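Q: Pasting a structure below so you can have a look.
The values are calculated or read from the model by the stated rules, or taken from the named source; none is laboratory data. Just so you know, these numbers come straight off a predicted model, no measurement behind them. Don't worry about glycine lacking a Cβ; one is built from the backbone with ideal geometry, like all the others, and counts go over all protein chains shown. Side chains included, ligands, DNA and RNA excluded: accessible areas come from the protein's heavy atoms. Shrake-Rupley method; radii C 1.70, N 1.55, O 1.52, S 1.80 Å.
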Amino acid sequence: MAREQLVFLVPGFFGFTSVGAVSYFRDVERALGSALEQRGVQARIVRCATQPTASIPRRAERLRRQVLAYGGLRARELHFIGHSTGGLDVRMLLTPGVRITKGDSEEQIGRRTRTAVSVTTPHHGTPLANHFLTVQGHTLLLLLSALATSGTGRGAMLAVSRAVALTARLDDWTGMQDSLLDRVAERVVRALRTKGGDSVWKYLEDVKRDQGAVLQLTPEGSDLFDAAVADRPGVDNGCVVAGVPPPRERFAPRAVLEPERIALRALFRLLHGLASRPHPHYPYPAPAANVRRRMSRALGFEVTPGTNDGIVPTLGQLHGRLLHAARADHLDVVGHYTLSERAGDWLPSGAGFTPEGFHATWNAVADAIAGRG
């Protein structure tokens, strides 16, 4: 019997396989599996667990252990898909000569790997990471972690701010001492602590215990990372990039009936603004003219150093060959794009991402794995 192919889905910052009712790679396994079957590729898809905000070497080591546990050294071929920071975990694991632990399992994994796809990965860091290092940023990090994993967290945020007050003061979050953000986060954590034994609270404890990746995702830290890792010869490196237009609010009377969307939209506006400030000393590499044109056509507007998906600058997501560009935010591409569904779009960017766009994204990834792209 022919040995199987394995495809590993590697989550990013805030990463998890599932917490409570929330699945990180929402519908990705189904969409990608179907696309691969249509291309004649028989592969087993594995959703990996990770340490949400731990350092990249620690995350890469956990990925290595999971590859071994799922029979990676017996597989015919390995393929990796890393979303966000997960793409950096994959790059480190596959670097020739890397020594994450004793033995040569990294080299054996590398020799079996055929494809490494990064999806909205901060290959050159993100300005948001610099903000997370501040006192206010730590509060924002905890709040985002709660929102990423918990409907309870979103409800608590709404109860304490009631949308209008949050929107009015969002732009003043940075640098304030006793800010609304602090009170929102305190209420969120208090609401979750009442369920102290559940998976969400354990996840938040992991975030609080190890935030090593935050420093490594700054533009300065990423510059060092990029100098230390190398692409493995024989591995097809490709990327999926995303970006959204700058948020422009248009208040409609019916919006008062959707206070949760108003509050979350205001939060997205803050994140987008922070991510749109490129570091003056660590610019993003300039893409080839044809790549820039392709991205601009797909997004529907000109790509600049300030263009981002709400978390990661679009130009900083480029690594290897461009597989696909999506007018989408950071979480749209992994299936979190419908607010009306349970545990849906918790960062509504207004990008207008659709199921058709979602399938186009993962069809492009399937093409890369099948050797068609």
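Q: Show the residues, 5+ positions off or on another chain, whose built amide H is closer than 5 Å to the amide H of Thr113.
A: Leu78
Q: Sticking with this structure for a sec: Can you list the residues of the range 63-93 with backbone N under 15 Å from a point 7 Å past the Cα of Ala230, pointing along Cα to Cβ?
A: 92-93, by backbone N distance to the label point.
Q: If the viscosity is 0.890 mPa s and the temperature 25 °C, what Stokes-Einstein diffusion coefficient in µm²/s follows for the range 29-130 when Rh is the Kirkwood radius over Cα pairs?
A: Values: Rh = 14.5 Å.
In µm²/s, the coefficient rounds to 170.
Q: Would you pull out the residues with amide H under 5 Å of Val119's amide H, same chain only if 5 or more places away, H placed 1.01 Å from N?
A: Under 5 Å from the amide H of Val119 lie the amide H atoms of Gly82, His83, Ser84, Gly87, Val240, each far enough along the sequence or on another chain.
Q: Accessible area per residue, 1.4 Å probe, Å², for the range 85-139: what's the number?
A: Per-residue accessible area for the range 85-139 comes out at 32 Å².
Q: Name the long-range amide H neighbours of His324: under 5 Å, sequence gap of 5 or more, or other chain; modelled H, no Pro or chain starts.
A: HN-HN under 5 Å from His324: Cys239, Val241.
Q: Leaving out ligands and nucleic acids, and using a 1.4 Å probe, what accessible area per residue does the range 274-366 come to in Å²?
A: Here the residues of the range 274-366 average 41 Å² of exposed surface.
Q: So, one more: In sequence order, what are the phi-derived ³J(HN,Hα) couplings for the range 287-295 according to the Karplus relation 6.51 cos²θ - 1.76 cosθ + 1.60 with θ = phi - 60°, rounded to whole Hz, with x for glycine and proline?
A: Rounded to whole hertz, the list is x, 4, 4, 5, 5, 4, 5, 4, 5.
Q: Tell me whether the range 266-373 comes out rounded, prolate or oblate; compute the Cα gyration tensor, take square roots of the eigenvalues as a ≥ b ≥ c, and use a/c under 1.5 as the rounded threshold.
A: Details: a/c = 2.05, a/b = 1.05, b/c = 1.96.
Judged from the Cα gyration tensor, the range 266-373 comes out oblate (a/c at least 1.5, b/c at or above a/b).
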